[in-house]
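Asks: Before anything else, here's the structure in question.
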Amino acid sequence: MLPRPGKWMDTFRKVMALPMGLTALALLWLCWRLGGSTFAVVAFVVALAAIALLVSVGRSQQAGKPAWAPALSGAAGLLLMAALVLPHVQAASGPAEAGVLPARPFTEATLAQARASGKPVFVWFTADWCLSCKVNESVAIERDATRDAFRKAGVIAIEGDWTRRDPAITNFLTAHGAAGVPLYLWYPPGGDARQLPQVLTPDSLLELAQEPRKAA
């Protein structure tokens, strides 16, 4: 059912370069968030070297020459660069960005202390590479209205960042039957966890924050 081969194929190839380029930028940003600026620069240089290697191989093939020689030499160069550079790259996370909603970093002890305070607790688990997490945060969590409602109700917010696969968060997610993020939990004062849907609406958290006041 596809159209016959023709000029549209070249146009389609060029159009698809845009989403592929945006994906590459997103991956570079994720490298910066995972390992800091040094790791991002190393990843960028390695990507450029890999592109140069592929171009060299392609030109050799177009010229009718064997491509295994430039491929092997380029791969050896990449391995040598990795051996020399990677040991000096510090595995430090990127700079943390303060959100609109003040939140404490997740630990089991922090959650237990918050629940013992007698206040409602909202816990959410996210990751920089999780698109649905970021959409929920912009729509329902990181909002001025949510921050003000939580402040009036005395809600304690706790955020679990799973960008780098923290073992403690992994164990907590597994214990709650979640294979990954996002996971949203609401603890009413003195009550057990209530798991919220993975898709939040703008009023989801506002309605929860009003529950303690309605009960009072």
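Asks: Against the conditions (1) at pLDDT 80 or above; (2) out of contact with any Leu (no Cβ under 9 Å at 6 or more places or on another chain), where does Val89 fall short? Just the number, please.
Replies: Exception for Val89: condition (1).
Asks: If I filter segment 101-110 down to residues being surrounded by 14 or more Cβ atoms within 10 Å (Cβ to Cβ) and free of Cβ contacts under 8 Å to residues at least 60 places away in the same chain, which single residue comes out as farthest from Lys152 (Cα to Cα)? Don't jump to the end; show me each part of the working.
Replies: Here is the first cut: in segment 101-110, the ones surrounded by 14 or more Cβ atoms within 10 Å (Cβ to Cβ) are 101, 103-104, 106-107, 110.
Keeping just the survivors that are free of Cβ contacts under 8 Å to residues at least 60 places away in the same chain gives 101, 103-104, 110.
Numbers: Leu101: 13, Ala103: 15, Arg104: 18, Thr110: 21 Å.
Taking the candidates together, the pick is Thr110.
Asks: Determine, yes or no, whether Val135 is in contact (Cβ under 8 Å) with a residue 24 or more places away in the chain and not in a strand (DSSP E or B). Break it down into steps so the answer makes sense when it comes.
Replies: Numbers: in contact (Cβ under 8 Å) with a residue 24 or more places away in the chain: no; not in a strand (DSSP E or B): yes.
For Val135, the condition - in contact (Cβ under 8 Å) with a residue 24 or more places away in the chain and not in a strand (DSSP E or B) - is not met.
Asks: Go over the candidates Ser37, Ser73 one by one and state the one that is surrounded by 10 or more Cβ atoms within 10 Å (Cβ to Cβ), at pLDDT below 85 and within 19 Å of the chain's Cα centre (by Cα).
Replies: Working: Ser73 fails: within 19 Å of the chain's Cα centre (by Cα).
When all the criteria are applied, what remains is Ser37.
Asks: What number of residues within segment 167-193 are charged (D, E, K, R) and either within 19 Å of Leu131 (Cα to Cα) or modelled with pLDDT of 95 or more (or both)?
Replies: So the first thing to find is which residues in segment 167-193 are charged (D, E, K, R), and the list is 192.
Checking which are either within 19 Å of Leu131 (Cα to Cα) or modelled with pLDDT of 95 or more (or both) leaves us with none.
Going through segment 167-193 one residue at a time, the tally reaches 0.
Asks: Still on this structure, I have one more. Tell me which residues, restricted to segment 166-201, are hydroxyl-bearing (Ser, Thr, Tyr), out of contact with any Phe, Trp or Tyr (no Cβ under 8 Å at 6 or more places or on another chain) and under 15 Å from Trp124 (Cβ atoms). Give the steps one after another, and end with the answer.
Replies: Within segment 166-201, the first condition is being hydroxyl-bearing (Ser, Thr, Tyr), and the residues that meet it are 170, 174, 184, 187, 201.
With the extra rule that they be out of contact with any Phe, Trp or Tyr (no Cβ under 8 Å at 6 or more places or on another chain), the set shrinks to 174, 201.
Across segment 166-201, the qualifying residue is only Thr201.
Asks: Give me the residue from segment 98-112 that is in contact with a Ser or Thr (Cβ under 9 Å, 6 or more places away or on another chain) and of a type outside the set (Lys, Arg) and, out of that set, modelled with the lowest pLDDT. I'd like the intermediate steps shown before the answer.
Replies: Step one: list which residues in segment 98-112 are in contact with a Ser or Thr (Cβ under 9 Å, 6 or more places away or on another chain), which gives 100-101, 104.
Cutting the leftovers down to of a type outside the set (Lys, Arg) gives us 100-101.
Details: Val100: 88, Leu101: 92.
If we take residues in segment 98-112 being in contact with a Ser or Thr (Cβ under 9 Å, 6 or more places away or on another chain) and of a type outside the set (Lys, Arg), then Val100 is modelled with the lowest pLDDT.
Asks: Considering each of Arg59, Arg13, Arg4, Arg33 in turn, give the residue that is closer than 28 Å to Asp161 by Cβ and either of a type in the set (D, E, K, R) or in contact with a strand residue (DSSP E or B) (Cβ under 9 Å, 6 or more places away or on another chain) (or both).
Replies: Numbers: Arg59 fails: closer than 28 Å to Asp161 by Cβ; Arg13 fails: closer than 28 Å to Asp161 by Cβ; Arg4 fails: closer than 28 Å to Asp161 by Cβ.
From the options Arg59, Arg13, Arg4, Arg33, the qualifying one is Arg33.
Asks: Going by what's in this entry, would Glu207 be described as surrounded by fewer than 17 Cβ atoms within 10 Å (Cβ to Cβ), free of Cβ contacts under 8 Å to residues at least 12 places away in the same chain, assigned by TED's automatic domain parsing to the domain that holds Pro120 and over 19 Å from Thr107 (Cα atoms)? If you could, list the steps in order and put the result at the bottom.
Replies: Details: surrounded by fewer than 17 Cβ atoms within 10 Å (Cβ to Cβ): yes; free of Cβ contacts under 8 Å to residues at least 12 places away in the same chain: yes; assigned by TED's automatic domain parsing to the domain that holds Pro120: yes; over 19 Å from Thr107 (Cα atoms): yes.
The answer is yes for Glu207.
Asks: Let me ask something additional. Within segment 178-194, which residues are buried (at least 20 other Cβ atoms within 10 Å of the Cβ), assigned to a loop (DSSP other than H, G, I, E, B) and of a type in the set (A, V, I, L, M)?
Replies: Within segment 178-194, the subset buried (at least 20 other Cβ atoms within 10 Å of the Cβ) is 181-187.
If we keep only those that are assigned to a loop (DSSP other than H, G, I, E, B) as well, we get 181-182.
Val181 - this is the single residue of segment 178-194 that is buried (at least 20 other Cβ atoms within 10 Å of the Cβ), assigned to a loop (DSSP other than H, G, I, E, B) and of a type in the set (A, V, I, L, M).
The values are calculated or read from the model by the stated rules, or taken from the named source; none is laboratory data. All of these numbers come straight from a predicted model, not from anything done at the bench. Neighbour counts are summed over all protein chains in view; Cβ atoms, including those assigned to glycine, are modelled from backbone coordinates with ideal geometry.
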